[in-house]
Amino acid sequence: MDVEKQYDLFVIGGGSGGLACAKQAAKLGAKVALADFVKPSPLGTKWGLGGTCVNVGCIPKKLMHFAATLGELRHDQVEAGWVDTQVDSKHNWEKMVENVNNHIRKLNFGYKNQLMRGDVKYYNKLAELIDANTIKLTDNKGQIETVTAKNILIAVGGRPSYPDNIPNIQKLVITSDDLFWLQENPGKTLVVGASYVALECGGFLHGIGNEVAIMVRSILLRGFDQEIAEKIGLYMEEKGIRFIRGCVPDMIEATEDNKRKVTWIINGQKYEEIFDTVLVATGRVSDTQKLNLEKVGVNMNKNGKILCSADDKTSVPNIFAIGDCVEGRPELTPTAIKCGQLLANRLFNKATELMSYEFVATTVFTPLEYGCIGYSEEDAIKKFGEDKITVYHSIFKPLEWNYFEMHSGESCFAKLIVLNDNRRVIGFHYLGPHAGEVTQGYAVAMKMGVTKEQFDSTVGIHPTCSEELVQVTAVKGIDEAQKEGC
Ligand code: FAD
Ligand code: NDP
């Protein structure tokens, strides 16, 4: 006989996806509980409710990126007539971290309140599955309880991964799980890795005045349009960030004064250098290892990512998974949130809508920001063939950059990739200021199937950077990517 279950839905993980699903399910009348427990980083950093984005991801990253951008604007302020601005004033890390951390704590508190008000039972406990309906919960004192639920959602996200060739690496380096909570400026920093996290963190650390080197194993921003990835690298180099290409750390050791001696080899030649801090940003692993998933029958790939169908079902029919811990999903907060809300609607409101990952916009918050939607040029060629697409491109300079002539005029770039047969815009790329704000609205048009001719017939807002996208006419391979007009 089926004993009545305590909850209609039990959510494991109070990050972007888990919180969104739990709140929506409760709003629809389901009896919901959520467990969130933060395992401290190997250096002991811990944080509160809200998951990666709020505590050690998007939020602190964007605030620190903003801090760096403000520093860059000091020259512009002087040239625009502000009289007491000092272009060489120093940045106070402690002040920034205090404000960032206080903001995060407010968000942690807000999430707890939302759960309480929304009637979601919150357990600050580590969850593990016992069977397909039973969850074991352990608190930080080791106290254990079990609960039962009809449906279980796994939304445990991921944690930074470490290169496996360096002895004791977890005690020698920091990751993004530590950076945003450091009480002292990390100083001269080596960033290992060359994707989102590495370039964003390296970018803002340099922007606030630190010496930064980025160690690149192969290419910048794998999976993104490589013409633009290289332009980002060039811009960062021009700003004074050093790229060490074609290598990985061979050894990292602590010196007597607690700095880090890093050794690497390029073309058989050995190099070594002392850094105050090494920040490892070499990707993330899904946090599924200790959930007991294999025993319960939830299938995963060899990297521990959960295998799900389009309706977020795992191999066990009443167990679902969303967000960063699922194979093949973009690792982004808005996709995890939307996916969680849609799942709640399907479970408790008879809805049928599935999450669509087509034309999801994203922005990389490097010193010069990069927003994109849809195909990179490489992927468009691979999928449709070079003769089936037309690439439009334009180099432009934001009007505001004309106060301070030292801004590089060749840096900002727009690219549209268009399918020849129906003229649909399938790739949108913007490299320039405020990329997130510029890109978001275009994602609506792309989802609706906008054509190049509809871009052309749209009247721009002058003078903006965004208008570049509705004015781009130069065809790559035929015309120079130069801007016309005022
Ligand atoms: P998470 O937010 O990671 O939440 C999972 C939660 O589950 C965590 O709180 C974890 O402690 C908890 N948990 C794990 N195991 C258990 C267990 N056994 N029991 C109880 N609780 C458990 N995305 C963007 O869209 N924009 C950005 O600008 C952006 N910047 C980023 C910057 C950095 C440095 C990083 C690392 C990521 C960034 N991301 C960004 C990605 C974004 O943070 C993630 O995609 C998003 O947080 C994933 O949400 P999630 O719900 O899948 O998991
Ligand atoms: P990624 O998996 O995207 O990139 C990992 C990087 O580390 C690559 O450059 C990779 O190089 C390199 N690397 C991997 N292993 C090693 C090694 N052993 N030694 C040296 N280099 C190595 O990871 P990220 O941590 O940057 O980002 C994770 C996810 O978080 C992203 O997919 C993204 O969705 C999300 N995110 C989103 C942001 C946003 O929206 N703005 C910001 C930050 C993160 P190689 O190319 O050679 O494999």
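Throughout, read-outs are computed from the coordinates displayed, never taken from laboratory work. Bear in mind the structure is a predicted one, so any value in this text is a computation, not a measurement. Cβ placement follows ideal geometry from the backbone for every residue including glycine, while neighbour counts extend to all protein chains displayed.
Under 5 Å between amide hydrogens, which residues at least 5 positions from Ile214 or on another chain qualify, with H placed 1.01 Å from N in the peptide plane?
For Ile214, the qualifying residues are Val191, Arg242, Phe243, Ile244.
Report ³J(HN,Hα) in whole Hz for each residue of region 392-406, in order, from the Karplus equation J = 6.51 cos²θ - 1.76 cosθ + 1.60 where θ = phi - 60°; Gly and Pro get x.
In residue order, the calculated couplings are 9, 9, 7, 9, 9, 10, x, 3, 4, 6, 7, 5, 10, 5, 6 Hz.
Throw me the Rg/Rh for region 169-282, computed over C-alpha atoms with Kirkwood Rh, two decimals.
0.95
Exceeding 25 Å between C-alpha atoms, which entries from my cross-link table qualify? They are Lys313/Lys382; Lys95/Lys259; Lys259/Lys305; Lys112/Lys136; Lys125/Lys350; Lys383/Lys452.
Table pairs above 25 Å Cα-Cα are Lys313/Lys382; Lys259/Lys305; Lys125/Lys350.
Stokes-Einstein D for the chain at 37 °C, 0.692 mPa s, Kirkwood Rh over Cα pairs, in µm²/s?
Numbers: Rh = 24.4 Å.
In µm²/s, the coefficient is 134.
Report, by chain and number, residues whose modeled amide H sits under 5 Å from the one on Arg284, excluding near sequence neighbours (fewer than 5 apart, same chain).
When sequence neighbours closer than 5 places are left aside, the close amide H contacts are Ser161.
Angle, helix 93-117 long axis vs. longest principal axis of the chain, Cα atoms, 0 to 90°, nearest 10?
Once rounded, the angle reads 40 degrees.
Tell me, what are the semi-axes, in whole angstrom and largest first, of the equivalent ellipsoid of region 362-471 as set by the roots of 5 times the Cα gyration tensor eigenvalues?
Listed largest to smallest, the semi-axes of region 362-471 are 25, 15, 13 Å.
Taking 30 Å as R0, compute the FRET efficiency from the Cβ-Cβ separation of Ile478 and Arg217 and round it to 0.05.
0.30
Measure nothing fancy, just the Cα-based angle from helix 435-447's long axis to the longest principal axis of the chain, in degrees from 0 to 90, nearest 10.
Roughly 70 degrees between the two axes.
How far apart, in nm, are two points set 7 Å out from the Cα along the Cα-to-Cβ line at Glu98 and at Met251?
The two pseudo-label positions are separated by 4.2 nm.
Would you please put 162-171, 418-427, 210-219, 29-38 in order of how densely packed they are, using the mean number of other Cβ atoms within 10 angstrom per residue and starting with the highest?
29-38, 210-219, 418-427, 162-171
Ranked highest first by average number of other Cβ atoms within 10 Å, how do 252-260, 185-193 line up? Don't jump to the answer; show the numbers that get you there.
Details: 252-260: 12.8, 185-193: 22.3.
Going from most to least packed, we get 185-193, 252-260.
Measuring from centroid to centroid over Cα atoms, what is the spacing of region 319-337 and region 31-108 in Å?
24
Against the longest alpha carbon principal axis of the chain, how many degrees, from 0 to 90 and to the nearest 10, is the axis of helix 16-27 turned?
Tilt of helix 16-27: around 50 degrees.
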